[in-house]
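Following: one structure in C-alpha coordinates, then a few remarks.
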Amino acid sequence: MNLAKKMKASRGMGQVITVTIGLIILCIVFGILNPNFFSGRNAGNLFRQIAPILLIGVGQSYVLITGNIDLSIGSLVGMSCMVSATLMTKGMNPWMAVLLTLFSCLLVGLANGLLVAKLKLPPFIATLGTMTIARGIAQIVNNNYNTDSIGEKAEGFRNFFYYGKSFGLYNTIWIALVLWVIFNFILSKTRTGRHIYAIGSNLEAAKLSGVDIVGTTVKAFLVSSICACTVGLIICATSGMGTMDAGNGYELYAVAASVIGGVSTLGGQGNILGTIIGAAIWGVLQNGLQFVGAPVAIRNIVIGIIVIVSVLLDVIVRSGKFHNKAIKV
(Lines give C-alpha, C1' and ligand atoms only; values in the text may rest on other atoms or scores of the structure.)
Protein backbone atom coordinates (compact mmCIF):
# COMPACT_ATOMS: atom_id res chain seq x y z
CA MET A 1 0.00 0.00 0.00
CA ASN A 2 2.78 2.41 0.93
CA LEU A 3 4.60 1.48 -2.28
CA ALA A 4 1.49 2.30 -4.35
CA LYS A 5 1.21 5.69 -2.67
CA LYS A 6 4.88 6.36 -3.30
CA MET A 7 4.54 5.48 -6.99
CA LYS A 8 1.56 7.81 -7.36
CA ALA A 9 3.50 10.64 -5.74
CA SER A 10 6.56 10.02 -7.90
CA ARG A 11 4.50 10.29 -11.04
CA GLY A 12 3.08 13.67 -10.06
CA MET A 13 -0.51 12.48 -9.55
CA GLY A 14 -1.01 14.88 -6.66
CA GLN A 15 -0.53 17.89 -8.91
CA VAL A 16 -2.75 16.32 -11.60
CA ILE A 17 -5.63 16.26 -9.12
CA THR A 18 -4.90 19.82 -7.98
CA VAL A 19 -4.76 21.31 -11.48
CA THR A 20 -7.91 19.40 -12.48
CA ILE A 21 -9.76 21.18 -9.69
CA GLY A 22 -8.24 24.44 -10.89
CA LEU A 23 -9.42 23.72 -14.44
CA ILE A 24 -12.99 23.14 -13.23
CA ILE A 25 -12.93 26.40 -11.28
CA LEU A 26 -11.62 28.30 -14.32
CA CYS A 27 -14.41 26.92 -16.50
CA ILE A 28 -17.04 27.89 -13.93
CA VAL A 29 -15.65 31.43 -13.58
CA PHE A 30 -15.50 32.03 -17.34
CA GLY A 31 -18.96 30.51 -17.73
CA ILE A 32 -20.35 32.97 -15.18
CA LEU A 33 -18.57 35.93 -16.79
CA ASN A 34 -19.81 34.97 -20.25
CA PRO A 35 -22.45 32.20 -20.67
CA ASN A 36 -21.41 31.77 -24.32
CA PHE A 37 -18.25 30.11 -23.02
CA PHE A 38 -20.29 26.90 -22.56
CA SER A 39 -21.93 27.03 -25.98
CA GLY A 40 -21.56 23.92 -28.14
CA ARG A 41 -19.81 25.85 -30.88
CA ASN A 42 -17.22 27.30 -28.50
CA ALA A 43 -16.66 23.91 -26.87
CA GLY A 44 -15.86 22.32 -30.24
CA ASN A 45 -13.48 25.11 -31.17
CA LEU A 46 -11.90 25.05 -27.71
CA PHE A 47 -11.11 21.33 -27.96
CA ARG A 48 -9.63 21.92 -31.41
CA GLN A 49 -7.46 24.74 -30.00
CA ILE A 50 -6.29 22.54 -27.12
CA ALA A 51 -5.25 19.62 -29.37
CA PRO A 52 -2.01 21.18 -30.79
CA ILE A 53 -1.03 22.42 -27.32
CA LEU A 54 -1.54 18.91 -25.98
CA LEU A 55 0.63 17.43 -28.72
CA ILE A 56 3.62 19.70 -28.20
CA GLY A 57 3.11 19.36 -24.44
CA VAL A 58 3.42 15.57 -24.75
CA GLY A 59 6.63 15.92 -26.74
CA GLN A 60 8.13 18.36 -24.28
CA SER A 61 7.01 16.18 -21.34
CA TYR A 62 9.03 13.24 -22.66
CA VAL A 63 12.13 15.40 -22.86
CA LEU A 64 11.59 17.11 -19.49
CA ILE A 65 11.15 13.77 -17.72
CA THR A 66 14.65 12.80 -18.90
CA GLY A 67 15.93 15.96 -17.21
CA ASN A 68 16.44 17.83 -20.49
CA ILE A 69 14.52 20.48 -22.45
CA ASP A 70 13.69 20.94 -26.13
CA LEU A 71 13.79 24.59 -27.21
CA SER A 72 13.63 23.63 -30.90
CA ILE A 73 10.04 22.38 -30.71
CA GLY A 74 8.46 25.65 -31.88
CA SER A 75 10.84 26.06 -34.79
CA LEU A 76 10.20 22.45 -35.78
CA VAL A 77 6.50 23.31 -35.96
CA GLY A 78 7.35 26.12 -38.39
CA MET A 79 9.72 23.91 -40.35
CA SER A 80 7.07 21.22 -40.68
CA CYS A 81 4.48 23.75 -41.84
CA MET A 82 6.78 25.31 -44.45
CA VAL A 83 8.39 22.12 -45.76
CA SER A 84 5.06 20.33 -46.23
CA ALA A 85 3.39 23.35 -47.85
CA THR A 86 6.34 24.03 -50.15
CA LEU A 87 6.43 20.43 -51.37
CA MET A 88 2.68 20.47 -52.03
CA THR A 89 2.80 23.77 -53.91
CA LYS A 90 5.57 22.29 -56.08
CA GLY A 91 3.16 19.54 -57.15
CA MET A 92 4.12 16.70 -54.80
CA ASN A 93 1.42 14.32 -53.59
CA PRO A 94 0.25 15.63 -50.17
CA TRP A 95 0.84 12.33 -48.37
CA MET A 96 4.32 11.94 -49.82
CA ALA A 97 4.98 15.51 -48.65
CA VAL A 98 3.80 14.51 -45.17
CA LEU A 99 6.23 11.56 -45.09
CA LEU A 100 9.19 13.66 -46.23
CA THR A 101 8.30 16.36 -43.71
CA LEU A 102 8.15 13.79 -40.91
CA PHE A 103 11.53 12.40 -41.99
CA SER A 104 13.13 15.85 -41.93
CA CYS A 105 11.73 16.56 -38.45
CA LEU A 106 12.96 13.19 -37.18
CA LEU A 107 16.47 14.09 -38.35
CA VAL A 108 16.37 17.18 -36.14
CA GLY A 109 15.11 15.10 -33.22
CA LEU A 110 17.91 12.60 -33.79
CA ALA A 111 20.45 15.43 -33.86
CA ASN A 112 19.08 16.83 -30.59
CA GLY A 113 19.34 13.48 -28.85
CA LEU A 114 22.88 12.79 -30.05
CA LEU A 115 24.12 16.30 -29.23
CA VAL A 116 22.77 16.03 -25.69
CA ALA A 117 23.42 12.39 -24.80
CA LYS A 118 26.40 11.45 -26.98
CA LEU A 119 28.33 14.71 -27.26
CA LYS A 120 27.31 15.93 -23.78
CA LEU A 121 26.16 19.38 -24.87
CA PRO A 122 23.85 21.11 -22.38
CA PRO A 123 20.29 20.64 -23.72
CA PHE A 124 19.63 24.37 -23.55
CA ILE A 125 22.56 25.10 -25.87
CA ALA A 126 22.05 22.11 -28.19
CA THR A 127 18.36 22.74 -28.80
CA LEU A 128 18.88 26.50 -28.98
CA GLY A 129 21.20 25.81 -31.90
CA THR A 130 18.83 23.40 -33.64
CA MET A 131 15.98 25.83 -32.95
CA THR A 132 17.80 28.46 -35.01
CA ILE A 133 18.67 25.96 -37.73
CA ALA A 134 15.09 24.68 -38.01
CA ARG A 135 13.74 28.22 -38.22
CA GLY A 136 16.33 28.98 -40.89
CA ILE A 137 15.17 25.96 -42.90
CA ALA A 138 11.57 27.16 -42.55
CA GLN A 139 12.64 30.51 -43.98
CA ILE A 140 14.89 29.31 -46.77
CA VAL A 141 12.84 26.40 -48.09
CA ASN A 142 10.63 28.76 -50.10
CA ASN A 143 13.22 31.52 -50.62
CA ASN A 144 12.18 33.58 -47.59
CA TYR A 145 8.54 33.80 -48.65
CA ASN A 146 5.37 32.28 -47.30
CA THR A 147 4.00 29.73 -49.75
CA ASP A 148 1.05 30.08 -52.07
CA SER A 149 -2.14 28.12 -51.35
CA ILE A 150 -1.54 24.37 -51.29
CA GLY A 151 -4.53 24.03 -53.66
CA GLU A 152 -7.51 21.78 -54.19
CA LYS A 153 -5.36 18.67 -54.55
CA ALA A 154 -4.61 18.97 -50.83
CA GLU A 155 -8.28 18.99 -49.80
CA GLY A 156 -8.00 15.48 -48.37
CA PHE A 157 -4.92 16.53 -46.40
CA ARG A 158 -6.74 19.59 -45.00
CA ASN A 159 -9.80 17.57 -44.03
CA PHE A 160 -7.72 14.87 -42.36
CA PHE A 161 -5.68 17.25 -40.21
CA TYR A 162 -8.17 20.00 -39.46
CA TYR A 163 -11.56 20.47 -41.12
CA GLY A 164 -12.92 16.93 -41.19
CA LYS A 165 -14.97 15.25 -38.46
CA SER A 166 -15.24 11.65 -37.27
CA PHE A 167 -17.87 10.47 -34.79
CA GLY A 168 -18.87 14.05 -34.03
CA LEU A 169 -15.35 15.31 -33.20
CA TYR A 170 -12.90 17.22 -35.36
CA ASN A 171 -10.10 15.04 -36.72
CA THR A 172 -7.55 17.33 -35.05
CA ILE A 173 -8.88 16.18 -31.69
CA TRP A 174 -8.76 12.51 -32.71
CA ILE A 175 -5.16 12.85 -33.91
CA ALA A 176 -4.12 14.36 -30.58
CA LEU A 177 -5.97 11.68 -28.59
CA VAL A 178 -4.57 8.76 -30.61
CA LEU A 179 -1.00 10.02 -30.31
CA TRP A 180 -1.53 10.68 -26.60
CA VAL A 181 -2.74 7.11 -26.05
CA ILE A 182 0.25 5.68 -27.91
CA PHE A 183 2.83 7.81 -26.13
CA ASN A 184 1.15 7.37 -22.75
CA PHE A 185 1.33 3.59 -23.19
CA ILE A 186 5.02 3.78 -24.09
CA LEU A 187 5.81 6.01 -21.12
CA SER A 188 3.78 4.13 -18.50
CA LYS A 189 3.84 0.49 -19.66
CA THR A 190 7.11 -0.20 -21.45
CA ARG A 191 10.79 -0.59 -20.62
CA THR A 192 11.55 2.55 -22.64
CA GLY A 193 9.21 4.52 -20.40
CA ARG A 194 10.85 3.18 -17.24
CA HIS A 195 14.26 4.08 -18.63
CA ILE A 196 13.09 7.63 -19.43
CA TYR A 197 12.06 8.10 -15.80
CA ALA A 198 15.28 6.45 -14.58
CA ILE A 199 17.47 8.86 -16.57
CA GLY A 200 15.63 11.88 -15.21
CA SER A 201 15.61 10.60 -11.64
CA ASN A 202 19.29 9.68 -11.37
CA LEU A 203 21.49 9.58 -14.45
CA GLU A 204 24.44 7.86 -12.79
CA ALA A 205 22.25 5.18 -11.19
CA ALA A 206 20.60 4.60 -14.57
CA LYS A 207 24.02 4.07 -16.16
CA LEU A 208 25.00 1.58 -13.47
CA SER A 209 21.70 -0.25 -14.04
CA GLY A 210 22.54 -0.78 -17.70
CA VAL A 211 20.15 1.80 -19.18
CA ASP A 212 21.05 2.86 -22.71
CA ILE A 213 21.37 6.58 -21.98
CA VAL A 214 22.00 7.67 -25.56
CA GLY A 215 19.31 5.51 -27.12
CA THR A 216 16.68 6.44 -24.55
CA THR A 217 17.43 10.15 -24.74
CA VAL A 218 17.26 10.03 -28.55
CA LYS A 219 13.85 8.32 -28.32
CA ALA A 220 12.55 11.11 -26.09
CA PHE A 221 13.67 13.77 -28.55
CA LEU A 222 12.21 11.78 -31.46
CA VAL A 223 8.82 11.79 -29.73
CA SER A 224 9.16 15.55 -29.36
CA SER A 225 9.93 15.95 -33.08
CA ILE A 226 6.98 13.74 -34.09
CA CYS A 227 4.62 15.86 -32.02
CA ALA A 228 6.07 19.12 -33.39
CA CYS A 229 5.81 17.81 -36.95
CA THR A 230 2.16 16.89 -36.45
CA VAL A 231 1.33 20.35 -35.08
CA GLY A 232 3.06 21.93 -38.09
CA LEU A 233 0.93 19.82 -40.42
CA ILE A 234 -2.21 20.88 -38.53
CA ILE A 235 -1.26 24.57 -38.91
CA CYS A 236 -0.59 24.04 -42.62
CA ALA A 237 -3.98 22.35 -43.04
CA THR A 238 -5.68 25.13 -41.08
CA SER A 239 -4.38 28.02 -43.15
CA GLY A 240 -3.97 26.17 -46.43
CA MET A 241 -0.46 27.55 -46.86
CA GLY A 242 2.97 27.62 -45.28
CA THR A 243 3.90 30.55 -43.03
CA MET A 244 7.48 31.14 -41.93
CA ASP A 245 6.50 32.33 -38.44
CA ALA A 246 4.37 29.26 -37.68
CA GLY A 247 5.20 27.86 -34.25
CA ASN A 248 6.65 31.08 -32.83
CA GLY A 249 6.35 30.94 -29.05
CA TYR A 250 5.28 27.29 -29.03
CA GLU A 251 8.28 26.43 -26.85
CA LEU A 252 6.48 28.30 -24.08
CA TYR A 253 3.19 26.53 -24.83
CA ALA A 254 4.92 23.16 -24.61
CA VAL A 255 6.69 23.87 -21.32
CA ALA A 256 3.53 25.43 -19.85
CA ALA A 257 1.33 22.43 -20.69
CA SER A 258 3.95 20.12 -19.18
CA VAL A 259 4.80 21.90 -15.93
CA ILE A 260 1.25 23.02 -15.17
CA GLY A 261 0.27 19.36 -15.55
CA GLY A 262 2.87 18.24 -13.02
CA VAL A 263 5.93 17.31 -15.10
CA SER A 264 9.04 18.34 -13.22
CA THR A 265 11.60 20.57 -14.90
CA LEU A 266 14.20 18.73 -12.81
CA GLY A 267 13.41 15.39 -14.45
CA GLY A 268 12.12 12.01 -13.34
CA GLN A 269 8.63 13.07 -12.32
CA GLY A 270 5.26 13.67 -13.92
CA ASN A 271 3.02 11.99 -16.46
CA ILE A 272 1.28 12.96 -19.66
CA LEU A 273 -2.15 12.53 -18.10
CA GLY A 274 -1.31 15.79 -16.36
CA THR A 275 -0.25 17.24 -19.71
CA ILE A 276 -3.86 16.94 -20.90
CA ILE A 277 -4.97 19.08 -17.95
CA GLY A 278 -2.08 21.50 -18.45
CA ALA A 279 -2.95 21.94 -22.12
CA ALA A 280 -6.63 22.36 -21.22
CA ILE A 281 -5.83 25.06 -18.65
CA TRP A 282 -3.72 26.90 -21.22
CA GLY A 283 -6.48 26.65 -23.82
CA VAL A 284 -9.24 27.64 -21.40
CA LEU A 285 -7.26 30.65 -20.20
CA GLN A 286 -6.62 31.84 -23.75
CA ASN A 287 -10.21 31.24 -24.82
CA GLY A 288 -11.84 32.49 -21.63
CA LEU A 289 -9.79 35.68 -21.36
CA GLN A 290 -10.61 36.38 -24.99
CA PHE A 291 -14.31 35.90 -24.24
CA VAL A 292 -14.22 38.44 -21.41
CA GLY A 293 -12.39 40.94 -23.61
CA ALA A 294 -8.95 40.82 -21.97
CA PRO A 295 -6.18 42.26 -24.18
CA VAL A 296 -3.57 39.89 -25.59
CA ALA A 297 -0.93 41.47 -23.32
CA ILE A 298 -2.97 40.65 -20.20
CA ARG A 299 -3.50 37.08 -21.40
CA ASN A 300 0.24 36.63 -21.87
CA ILE A 301 1.02 38.11 -18.46
CA VAL A 302 -1.50 35.87 -16.66
CA ILE A 303 -0.27 32.70 -18.36
CA GLY A 304 3.37 33.66 -17.83
CA ILE A 305 2.75 34.10 -14.11
CA ILE A 306 1.08 30.69 -13.93
CA VAL A 307 4.06 29.04 -15.63
CA ILE A 308 6.54 30.70 -13.23
CA VAL A 309 4.49 29.74 -10.17
CA SER A 310 4.16 26.14 -11.39
CA VAL A 311 7.91 25.75 -11.88
CA LEU A 312 8.67 27.53 -8.61
CA LEU A 313 6.40 25.18 -6.66
CA ASP A 314 8.03 22.19 -8.33
CA VAL A 315 11.52 23.42 -7.39
CA ILE A 316 10.46 24.09 -3.78
CA VAL A 317 8.82 20.69 -3.39
CA ARG A 318 11.68 18.81 -5.05
CA SER A 319 14.28 20.62 -2.92
CA GLY A 320 12.51 19.32 0.19
CA LYS A 321 11.91 22.72 1.81
CA PHE A 322 8.30 21.92 2.66
CA HIS A 323 9.35 18.52 4.04
CA ASN A 324 12.14 20.01 6.14
CA LYS A 325 9.80 22.62 7.63
CA ALA A 326 7.29 19.93 8.52
CA ILE A 327 9.99 17.95 10.34
CA LYS A 328 11.11 21.01 12.33
CA VAL A 329 7.55 21.68 13.44
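The values are calculated or read from the model by the stated rules, or taken from the named source; none is laboratory data. Small disclaimer: the values here were computed from a predicted structure and weren't measured. Every residue, glycine among them, receives a Cβ derived from its backbone with ideal geometry; neighbour counts consider all protein chains shown.
Annotations for the structure displayed:
- Unmet requirement for G193, which otherwise passes all of (1) exposed (fewer than 15 other Cβ atoms within 10 Å of the Cβ); (2) without any contact (Cβ under 8 Å) to a residue 24 or more places away in the chain; (3) within 23 Å of A257 (Cα to Cα): (1)
- The residues in the range 89-103 that are in a helix (DSSP H, G or I) and either β-branched (V, I, T) or out of contact with any Cys (no Cβ under 8 Å at 6 or more places or on another chain) (or both) can be counted, and the count is 10.
- Among the residues of the range 260-293, those identified as of a type in the set (A, V, I, L, M) and within 19 Å of Q49 (Cα to Cα) are I260, I272, L273, I276, I277, A279, A280, I281, V284, L285, L289, V292.
- Matching entry among A237, A254 (being part of a helix (DSSP H, G or I), under 12 Å from P52 (Cα atoms), among the aliphatic types (A, V, I, L, M) and modelled with pLDDT of 90 or more): A254
- Qualifying residue in the range 200-220 (condition: of a type in the set (K, R) and in a helix (DSSP H, G or I)): yes
- Sub-6 Å Cβ pairs linking a first residue in the range 115-127 that is closer than 11 Å to T217 by Cβ to a second residue that is of a type outside the set (S, T, Y) and outside any helix (DSSP H, G or I), at least 6 apart or interchain, are L115/L121; V116/N68; P123/N68; P123/I69, ordered by first then second residue.
- Breaking point among (1) assigned to a helix (DSSP H, G or I); (2) within 25 Å of D212 (Cα to Cα); (3) among the hydrophobic types (A, V, I, L, M, F, W, C); (4) under 16 Å from the mean Cα position of the chain (by Cα), for V77: (2)
- Only one of F160, F185 that is of a type outside the set (A, V, I, L, M), farther than 13 Å from G242 by Cα, part of a helix (DSSP H, G or I) and without any contact (Cβ under 8 Å) to a residue 24 or more places away in the chain: F185
- Residue within the range 137-148 that is surrounded by 15 or more Cβ atoms within 10 Å (Cβ to Cβ), in contact with a Pro (Cβ under 9 Å, 6 or more places away or on another chain) and among the hydrophobic types (A, V, I, L, M, F, W, C) present: no
- Residues of the range 102-130 that are within 18 Å of the chain's Cα centre (by Cα) and closer than 16 Å to V231 by Cα: L102, C105, L106, V108, G109.
- Figure legend. Inter-residue proximity from the range 164-180: first residues within 16 Å of G232 (Cα to Cα), second residues of a type in the set (K, R) and in a helix (DSSP H, G or I), beta-carbon distance below 7 Å, spacing 6+ or different chains. Indicated pairs: T172/R48; I173/R48.
- Any chance I56 is in a helix (DSSP H, G or I), modelled with pLDDT under 95 and on the phi < 0 side of the Ramachandran plot: no
- Exclusive hit being surrounded by fewer than 24 Cβ atoms within 10 Å (Cβ to Cβ), among the small types (G, A, S), within 13 Å of the chain's Cα centre (by Cα) and under 25 Å from V83 (Cα atoms), set G249, G240, G232: G249
- Those residues of the range 194-224 which are within 14 Å of P123 (Cβ to Cβ) and not β-branched (V, I, T), in sequence order: G200, L203, A220, F221, S224
- Boolean, V231 is farther than 27 Å from F157 by Cβ and modelled with pLDDT of 95 or more: no
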